[in-house]
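Taking it in order: structure first as structure tokens, then the write-up.
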Amino acid sequence: MLSEISTQVSTVNGQDYLVRWRQATTDGNDAFDSGSYRQAIGHYDFALALASECFGVADDADTAIAAYVIAHHNLADTYEQLGRKALQRLHLCLAHERLCAAMNDRSLPQSWQDAAMNHSRRTYTELTRFLSLHPDDKQVQRTVSQGAAGITFETPIH
């Protein structure tokens, strides 16, 4: 998934979080590929912390949200390899729920709401894949019930 992030630099308050996020993700991917899953978790956790810090405030909403989703999904994939279903579920649900909340958050710029809606389709896909393997998981069933684009609250037009 790392290749899906644009090469543009994303800044928040003059700092380049994307470069640091990209390095943490690359280090995590290297550890994951070598089977060092616990080491990968450390790198992916750092990538998630960076992505979380710039959520809602980075210059490029689409890139920042993609980084956030990728960080959660990398952690979910790693926990899946370790057989840690509860932590895998947690990261899949957190990513989707945060995007659903963001797309309805009128305090966020429209570009952030739109990017959240766009990327929620990917988080939904991952949730439905998890649900196909664990069809009785009630938490994922509830999260999936929000839909591919989440529950949106439209402002009534008068």
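The numbers here are math on the coordinates, done by the rules we state, and not lab data. Worth saying up front: this structure is predicted, and the values here are computed from it rather than measured. Counting neighbours? That spans all protein chains shown, and the Cβs are built from the backbone with ideal geometry, glycine included.
Summary table below
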| read-out | value |
| --- | --- |
| Label-point gap, in nm, between ARG38 and THR26 - each point 7 angstrom along Cα→Cβ | 2.7 nm |
| Nitroxide proxy distance, nm - points 7 Å out along Cα→Cβ at LEU87 and ASP136 | 2.4 nm |
| Which of ASP60, ASP33, ASP105 has the fewest Cβ neighbours within 10 Å, and the rest in rising order | ASP33, ASP105, ASP60 |
| Charged-residue dipole, Cβ positions (Lys, Arg, Asp, Glu), the stretch 7-144 about Cα centre, Debye nearest 20 | 460 debye |
| Dipole of the stretch 7-144, positive end: most advanced residue of THR26, ALA51, LEU127 [Cβ charges, Cα centre] | LEU127 |
| Cα shape, the stretch 7-144, gyration tensor, a/c 1.5 rule | oblate |
| Ranked ASP136, ASP62, ASP16, ASP114, criterion: other C-beta atoms within 10 Å, fewest first | ASP136, ASP16, ASP114, ASP62 |
| From phi via Karplus (6.51, -1.76, 1.60), per-residue ³J(HN,Hα) for the stretch 75-85 in Hz, x at Gly/Pro | 5, 4, 4, 5, 5, 4, 4, 8, x, 9, 4 |
